Amino acid sequence: MLSIRTVFPKPGGKVWYDDQREVHRQIFEGHETVDYAFMGQDPDAADNRWLREAFENRIPIIYFLGIAPGRYQAILPIFIAGWDDKALKARVAFGMPDQEGLAPPETAPERRYALRAVKQRLHQASFREAVIAAYDGRCAVSRLPEALLLDAAHIVADKDEKLGQPVVSNGIPLSKIHHAAFDAHLIGIDPDYRLHVSVRLLGQKDGPMLEALKRLNGEAIHLPGRVKDYPDRDRLALRFERFKAAE
C-alpha cells in the first residue's frame, strides 16, 4: 500500500515540529481533513504526481503521522480528498478504521467517527512526547532532566471539550511530585507563569521535600524556548481560579 509521512524533525533541525503541530491542531480542533504539503515546489513532480493519481482514483493510503522525533503513528486507511496545486498542498481525509472495505467515508457521521478514532490514538501517543520535547526534556518547575520521571500535565483536563485539547499550549511537563501537587491544587500557576503554594502547605513543617515545595512560592516556571509553545494564558487563568477556590 502507498504511504505518506509527515516528518517530525529532531531538536535543533532547520524545521522543528511546526508542520507536524499544525496537523495535530487541525485534528484536535475537529477538522474533517488535514493539510499535507507537496514535496518541493512543482506539483507535477513524480513525488506529487502519484498523490494526484491517488486522489483521482480514491486509492487508500497509509499515513505515518509523526508524534515525536523518530516516532510515528500509522493511520490507515486515509484518502487524498482534495488537491490544490497553487497552494502546493493536498487535503487528507481519514477512513473508517474498522470497515471491511477500503473506501472513503461518504457521510458526515462516518467522517466524524473516523476523526474521533484518530484523535483518541493521537492523544494517547503524542501529547506527552510533544509537551516534554517542547521544554527540552525538563520539568518546568524543577528543571529535572529525566524523562522517565516526567509527566505531561494538562492545564485544563481533556474532558473539557472547549479547552481540554491535547496541544502543547495546554500542557506543562512536571515531575511526578509536582504533577501530583498541581492536580491536588497544592501548587498553582498564574497567567503570568508564577508559582503559588497553597496556604495548607505553607503552614506545615515536615522535612526537606516539603520545604522544597514551599520555596516555589513566587518563583516563575521555566518556559519553553519558543513563545508559540508557552502555556496558554487563558487556560492558566481558568486553572488558577480553581486553585484559589480550593484554598
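The values are calculated or read from the model by the stated rules, or taken from the named source; none is laboratory data. Just so it is clear, the model here is predicted, and its values are computed rather than measured. Every residue, glycine among them, receives a Cβ derived from its backbone with ideal geometry; neighbour counts consider all protein chains shown. Keep in mind that these areas ignore ligands, DNA and RNA; they rest on the heavy atoms of the full protein, side chains included. Shrake-Rupley method; radii C 1.70, N 1.55, O 1.52, S 1.80 Å.
Overview of values
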{"item": "Qualifying residues in region 117-147 (those that are of a type in the set (Asp, Glu) and outside any helix (DSSP H, G or I)) - the one surrounded by the most Cβ atoms within 10 Å (Cβ to Cβ)", "result": "136"}
{"item": "Residues satisfying the stated conditions in region 63-93, i.e. touching a Lys or Arg at 6+ places or on another chain (Cβ under 9 Å), part of a strand (DSSP E or B) and not small (Gly, Ala, Ser)", "result": "63, 64, 65, 72, 73, 75, 79, 80, 83, 84"}
{"item": "Cβ-Cβ under 6 Å pairs, at least 6 apart or on other chains, region 157-179 side free of Cβ contacts under 8 Å to residues at least 60 places away in the same chain, far side among the hydroxyl-bearing types (Ser, Thr, Tyr) and open to solvent by 30 Å² or more (accessible area, probe 1.4 Å)", "result": "175/142"}
{"item": "Single residue of region 154-177 satisfying the filter (among the aliphatic types (A, V, I, L, M) and more than 12 Å from the chain's Cα centre (by Cα)) that is farthest from residue 213 (Cα to Cα)", "result": "163"}
{"item": "Of all residues in region 65-88 being open to solvent by 70 Å² or more (accessible area, probe 1.4 Å), in contact (Cβ under 8 Å) with a residue 40 or more places away in the chain and more than 16 Å from the chain's Cα centre (by Cα), the one that is farthest from residue 131 (Cα to Cα)", "result": "85"}
{"item": "Residues satisfying the stated conditions in region 161-177, i.e. within 21 Å of residue 129 (Cα to Cα), open to solvent by 20 Å² or more (accessible area, probe 1.4 Å) and not hydroxyl-bearing (Ser, Thr, Tyr)", "result": "163, 165, 167, 176, 177"}
